[in-house]
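Report on the structure given below.
No lab work stands behind these numbers, since they all come straight from the coordinates. Keep in mind the model is a prediction, meaning the values are calculated, not measured. All Cβ positions, even for glycine, are placed from backbone atoms using ideal geometry, and neighbour counts span all protein chains on display.
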Amino acid sequence: MAYTAVLENSIMQKGKPATSGSKMLENFISPIDATVVTRLEDAGVTIVERAEMDEFGIRGLFKTGDGSLSCSDASQRTVQAFAAIEAVANNKADFALCNDYTGAISQAAASKGVCYIHPTYGTVSRYGLIPCVPSMDQIGIVCRIPAEGFKALNMIAGYDQKDGAMLTDKLQTKEANRPKTEAKIEAQVEPKYSEIYTQLMQILCCAELSNNISRYDGIKFGYRAKDYGSLKDLYAKTRTEAFGPECKLAAIIGAMVLSQENYTRYYDKAMRLRRLIKDSLEFNKFNVFYSQTPNTPMIVLSRLCGLPSVTTPDGTYVADVGREDALEAVSL
């Protein structure tokens, strides 16, 4: 069977625009193919469309009490933010590849009746993915049913020396050779410290995103403002005109938590708490953590700790590092 795929606009495809949803990169044409693109083509998959997205995938990072985005113009971009989901839900493609570091795509996919597979951090190469939050960036899969998504994952996963954060060949081989798990859901267990997951994600994402988008200054590449009076003025006008409100807010918060006076209080503490959370997970007792609703802190947990997860319209499943086999067993 010949499969078709959609690529989110943060994944480079040679000769195609790769804007990551930002005016800052509105004229950027990719000079390379991302590793996942090469692997899809080698597997005979036809890439039928490039999907628009929210600016640098930031949707879901800032929310008000009622769950809506805090920035006033966010509602105007709802359709383009989840174009990859719409393509799969409307049968325009068999699956779509996205970078969902906030969990917003997972939740939106479930609300549209489709699924999202977030692989173990380091199993899918990010070479050719426009970086946003390097410690959480991971190309995942929007699919109609998990079985289709796991087939796509088999096509794109595997070691790539171009991505320095990948799992080693030895570890991947060990995980791939594990016997298939006959997993059963016996109980629902809320992981420890779940009440702080969102705050940790906001601190870490803002810090890393702020650092990454600092390269967009109007000098080297990307959008450049006109009628500037000095170098400082060029920086300010370029970023003011080209970044949306969420990116500006993330940049400000990121600069604050990384500042000398706040680094230990916020960023360093968030990193320590992330390690504490990962160490507290009792995967020696449970194969999979499960929640009956897709709108759950467990989606954020998988991003914070680099764990594989599957989000479906019926719930969210999170497993230990490299245990996609356990997820496959319980979610199919």
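The peptide list 148-158, 6-16, 134-144, put in order of mean Cβ contacts within 10 Å with the highest first, becomes 134-144, 6-16, 148-158.
Principal-axis analysis of the Cα atoms of the chain puts helix 197-213 at an angle of about 50° to the longest axis. In this simple spin-label model, placing a label point 7 Å from the Cα along the Cα-to-Cβ direction at both Gln292 and Lys23 gives a separation of 4.6 nm.
Return the FRET efficiency for the residue pair Ile252, Ala165: r is the Cβ-Cβ distance, R0 is 30 Å, and the value is rounded to the nearest 0.05. Intermediate values should be presented prior to the final figure.
Working: r = 27 Å, r/R0 = 0.90.
My answer for the efficiency is 0.65.
When only Cα pairs under 8 Å and 6 or more residues apart are kept, what is the percent relative contact order across the chain? Walk me through the numbers on the way to the answer.
Details: 656 pairs, mean separation 65.1, N = 332.
This gives 20 percent for the chain.
Which pairs break 18 Å Cα to Cα here: Lys151/Lys285; Lys23/Lys226; Lys16/Lys220; Lys162/Lys278? Lys151/Lys285; Lys16/Lys220; Lys162/Lys278, as the Cα separations exceed 18 Å there. Between the helical axis of 269-280 and the longest alpha-carbon principal axis of the chain there is an angle of about 10 degrees. Once the Cβ-Cβ distance of Ile145 and Arg215 is raised to the sixth power relative to R0 = 30 Å, the FRET efficiency obtained is 0.15. Available extension along the chain between Ile196 and Arg272 is 26.1 nm, counting 0.36 nm per residue and deducting the alpha carbon span.
Only bridges with both residues in the chain count here: give the DSSP antiparallel percent, nearest 5.
Values: 24 of 32 bridges.
The antiparallel proportion sits near 75 percent.
To the nearest 10 degrees, how steep is helix 231-242 against the longest Cα principal axis of the chain, on a 0 to 90 scale? Approximately 50 degrees, to the nearest 10.
State the extension gain, in nm to one decimal, for the chain segment bounded by Asn154 and Asp227, taking 0.36 nm per residue of separation less the distance between their alpha-carbons. Write out the running numbers ahead of the final one.
On the way: separation 73, 0.36 × 73 = 26.28 nm, distance 5.04 nm.
Stretched fully, the Asn154-Asp227 segment lengthens by 21.2 nm.
Computed about its Cα centre, the charge dipole of region 236-278 is approximately 260 debye, with only Lys, Arg, Asp and Glu carrying charge at their Cβ.
Rounding to the nearest 20 debye, state how big the charge dipole of the chain is about its Cα centre with +1 on each Lys and Arg Cβ and -1 on each Asp and Glu Cβ. Provide the component values of the computation, followed by the final result.
Details: 37 positive and 39 negative charges, 122 e Å.
About 580 debye.
Compare the Cα positions of Val142, Ile156, Gly218 along the charge dipole of the chain (+1 at Cβ of Lys, Arg; -1 at Cβ of Asp, Glu; about the Cα centre) and return the one farthest towards the positive end. Farthest along the dipole direction, towards plus: Gly218.
A straight chain from Asn90 to Ser111 at 0.36 nm per residue would run longer than the Cα-Cα distance by 6.2 nm.
Once every DSSP H run of n ≥ 4 in the chain is given -39500 (n - 2.57) and the sum is divided by its residues, what mean residue ellipticity at 222 nm do you get, rounded to the nearest 500 deg cm²/dmol?
Working: 12 runs with 118 residues, N = 332.
Roughly -10500 deg cm²/dmol at 222 nm, from the helical runs in the chain.
The residue list Ile277, Ala242, Val45 was ranked by how far each Cα lies along the charge dipole of the chain toward its positive end, using unit charges on Cβ atoms, and Ala242 comes out on top. About the centre of its Cα atoms, region 194-276 shows a dipole size close to 180 debye [charges on the beta carbon of Lys, Arg (+1) and Asp, Glu (-1) only; nearest 20 debye].
Spin-label model, Glu41/Glu241: points 7 Å from Cα along the beta carbon direction are separated by 3.5 nm.
Once both labels are positioned 7 Å from their Cα atoms along Cα-to-Cβ, the gap between Ser280 and Tyr3 label points is 3.6 nm.
Rank Gly315, Gly21, Phe95 by how far each Cα sits towards the positive end of the charge dipole of the chain (+1 on Lys, Arg Cβ; -1 on Asp, Glu Cβ) and give me just the farthest. Most positive-ward Cα: Gly21. Fewest-first ordering of Met53, Met166 by other beta carbons within 10 Å of each residue's beta carbon gives Met166, Met53.
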